[in-house]
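The values are calculated or read from the model by the stated rules, or taken from the named source; none is laboratory data. Here the structure is a predicted model, which is why all the values come from computation and not from measurement. Here the Cβ is made from the backbone with ideal geometry for all residues, glycine too, and neighbour counts use every protein chain on show.
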């Protein structure tokens, strides 16, 4: 198999996913409340074994899952993706205790995860985040960075290098104070992967990732009413207590956790976009084949036929770039950040173009509430912003290109 041609088994699996999405997931999605976590839908994803695959599959399989589900049911795709985004740092950087506690529940759909990086003044510039993690006095007999369930356990998890902050504070205790914003699944998630500043003035080098259960004292939140129908909200931290046992990876190394997660999920955001573009293209082919206009079918008009051809061309180009970026990730290629950024950028911009063109060819009917394209038109806008806006992706691409040139 090459990244340019899926094999028969992969094609069959994608077809199976589309069938499952239509028969078992879409009916649950229709019963959900916009802007709220649809727990029955998440539980069904768990029963189908799709959530567990988030932690056993490679990047290409993740892309195939997201594209196939998005083609039929964007709500199911988004529920799957948000579970992966919130829980992947636990899978990749967590301690054995953290993984044992949360991953089985994420996999069976009984625990909802969230990835809490963005802030009101730190969206695209994630290294500028200001949520504070202030060191606090140890409690007698409390967990410490030197306890078996603290730093020693992390050392055996392959999570990364040892942090100096935990050594400076032998107890490894902090209080989180500040706000997060634009957090998917907030405030209804059961736990959050939270990124906080542990060393002031250190930029990306002074950020730590924490696993924060939703029931921690001082943690609160509120939903936001957004254009996109998936759940999203704010989180407020009022001296929320965390310890060394809650650290993901190592203190002051949290930005690596964030970037490692985003490098995996950015190509799959592109796959989500490709799935939406494919659905819009499919609807357009059906509509233009049967719609009578100007004495014939719409498809017989050269302007329409050329527009549809352009939609198909761009969708396929985006699909191939997404697959190539995912394959590069699975192979451990050195240029994953550039490829991931290119895939996310091209696919999300392409999906915006294709859905908009589909609406134009359908006319007013596509703007009616409940129409597939009305739904896709609302869904397609957000991926150009989240997990790094298109402008950020261009900056990443340029930075990687110039860095490569200097190395030669």
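Yes or no: residue 18 more than 21 Å from residue 327 (Cβ to Cβ), surrounded by fewer than 24 Cβ atoms within 10 Å (Cβ to Cβ) and more than 19 Å from the chain's Cα centre (by Cα)? Yes, satisfied.
This table checks each residue for (1) within 25 Å of residue 78 (Cα to Cα); (2) crowded, with 19+ Cβ neighbours inside 10 Å; (3) modelled with pLDDT of 80 or more.
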{"residue": "137", "(1), (2), (3)": "no, no, no"}
{"residue": "140", "(1), (2), (3)": "no, no, no"}
{"residue": "157", "(1), (2), (3)": "no, no, no"}
{"residue": "174", "(1), (2), (3)": "no, yes, yes"}
{"residue": "195", "(1), (2), (3)": "yes, yes, yes"}
{"residue": "201", "(1), (2), (3)": "no, no, yes"}
{"residue": "205", "(1), (2), (3)": "no, no, yes"}
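In the set (1) part of a loop (DSSP other than H, G, I, E, B); (2) surrounded by fewer than 16 Cβ atoms within 10 Å (Cβ to Cβ), the condition left unmet by residue 11 is number (1).
Considered as a group, the residues in region 72-122 that are more than 22 Å from residue 43 (Cα to Cα) and free of Cβ contacts under 8 Å to residues at least 60 places away in the same chain include one that is surrounded by the fewest Cβ atoms within 10 Å (Cβ to Cβ), and that residue is 121.
Can you pull out every residue in region 212-227 that is crowded, with 20+ Cβ neighbours inside 10 Å and at pLDDT below 95? Passing the criteria: none in range.
Scanning region 21-31 for residues that are touching a helix residue (DSSP H, G or I) at 6+ places or on another chain (Cβ under 9 Å), surrounded by fewer than 16 Cβ atoms within 10 Å (Cβ to Cβ) and without any contact (Cβ under 8 Å) to a residue 40 or more places away in the chain yields 30, 31. Every condition in (1) at pLDDT 95 or above; (2) touching a helix residue (DSSP H, G or I) at 6+ places or on another chain (Cβ under 8 Å); (3) over 30 Å from residue 179 (Cβ atoms) is met by residue 57 except one, and the failing one is (1).
Only one of the listed residues (254, 233, 249) is crowded, with 22+ Cβ neighbours inside 10 Å, at positive phi and touching a strand residue (DSSP E or B) at 6+ places or on another chain (Cβ under 7 Å). That residue is 249.
The set of residues in region 32-52 being out of contact with any helix residue (DSSP H, G or I) (no Cβ under 7 Å at 6 or more places or on another chain) and free of Cβ contacts under 8 Å to residues at least 40 places away in the same chain consists of 33, 49. Counting only helices (runs of 4 or more DSSP H) that fall entirely inside region 57-134 and contain at least 1 residues that are in contact with a strand residue (DSSP E or B) (Cβ under 6 Å, 6 or more places away or on another chain), the qualifying elements are 74-93, 96-107.
One line per residue, one yes/no per condition, for (1) modelled with pLDDT of 90 or more; (2) out of contact with any helix residue (DSSP H, G or I) (no Cβ under 6 Å at 6 or more places or on another chain); (3) closer than 18 Å to residue 70 by Cα:
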residue: 315; (1), (2), (3): yes, no, yes
residue: 326; (1), (2), (3): yes, no, yes
residue: 330; (1), (2), (3): yes, no, no
residue: 344; (1), (2), (3): yes, no, yes
residue: 350; (1), (2), (3): yes, no, yes
residue: 356; (1), (2), (3): yes, yes, yes
residue: 371; (1), (2), (3): yes, yes, yes
residue: 386; (1), (2), (3): no, yes, yes
residue: 394; (1), (2), (3): yes, yes, no
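Listed conditions (1) touching a strand residue (DSSP E or B) at 6+ places or on another chain (Cβ under 8 Å); (2) in the same structural domain as residue 352 (by TED's automatic domain parsing) are all met by residue 240, apart from (2).
Per the listing 209, 239, the residue uniquely surrounded by fewer than 17 Cβ atoms within 10 Å (Cβ to Cβ), touching a residue at least 24 places away in the same chain (Cβ under 8 Å) and in a strand (DSSP E or B) is 239.
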